[in-house]
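In what follows, a structure is listed as structure tokens, so that the remarks can point back to it.
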């Protein structure tokens, strides 16, 4: 396999990209001047270095310059837990009584852009295929259950978990797995577990929903 074919294979592994599109990407890059390619490579490397994973919700976010410093002062070390949080989890103005569970970072972007939700998030990291017998290898189920345990043990008045997953077979299967786990740890506590309502049609992917659809789905959750 030559370099061109290897590059095609890399692009073909991108979400939603097939072999033909991957080939177009490769030839597009080949036809760009060297300065553009160098800038492209530089930006990818820069974004990779700037990106961190939130310790609470596990969302990927762009860290501030101070967070990226390897050597911190004693004061910075004392407040390390706070600096390891994204802007959502570290915002005390967010609604601390609701938690939205979503599959991927791209779903988070869609929800936030709709402007209809002001609570906390948790990123599962994917969905579980229907025939997969080991869900914990596909999603952060144990981490989510621990996070929820910490929330309900606190004094924030936590009251609702919203399962915002795709209305596809895999999404619904994942929602069932998560719900079963949550029911066990809630152990009868008066905390609601809801799912998005009729704003989302069957088979829809959250990432591609518009703001009005998200608004209706949240409004009609149950």
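A short reminder: the numbers here are calculations on the coordinates, not readings from a lab. Values in this document were obtained by computation on a predicted structure and should not be read as measured data. Backbone-built Cβ (ideal geometry, glycine too); neighbour counts: all protein chains shown.
Points worth noting:
- Look at 221, 24 and count the other Cβ atoms within 10 Å of each Cβ; fewest to most, that gives 24, 221.
- In the chain, the calculated helix contribution to ellipticity at 222 nm averages -13500 deg cm²/dmol per residue, counting -39,500 (n - 2.57) for every DSSP H run with n ≥ 4.
- The relative contact order of the stretch 1-66 comes to 17 percent, based on Cα pairs under 8 Å that sit 6 or more residues apart.
- Expressed in units of 2.2 N^0.38 Å, where N is the residue count, the Cα radius of gyration of the chain is 1.18.
- 168, 127, 98, 174 arranged by Cβ crowding within 10 Å, fewest neighbours leading: 168, 98, 127, 174
- Net lengthening on full extension, residue 49/residue 87 (0.36 nm per residue, minus Cα-Cα): 11.9 nm
- Estimated translational D of the stretch 92-219 in µm²/s (Stokes, Kirkwood radius over Cα pairs; 37 °C; 0.692 mPa s): 222 µm²/s
- Cβ crowding within 10 Å ranks 14, 25 as 14, 25, fewest other Cβ atoms first.
- Stretched out straight at 0.36 nm per residue, the stretch from residue 219 to residue 136 would grow longer than its current Cα-Cα span by 26.8 nm.
- Full-extension gain in nm, residue 168 to residue 118, via 0.36 nm per residue minus C-alpha separation: 15.5 nm
- In degrees, nearest ten, helix 105-114 long axis to first principal axis of the chain (Cα): 70 degrees
- Relative contact order of the chain, pairs being alpha-carbon contacts under 8 Å that are 6 or more residues apart, as %: 16 percent
- Average silhouette area of the stretch 3-50, convex hull of alpha-carbon atoms, in square nanometres: 3.7 nm²
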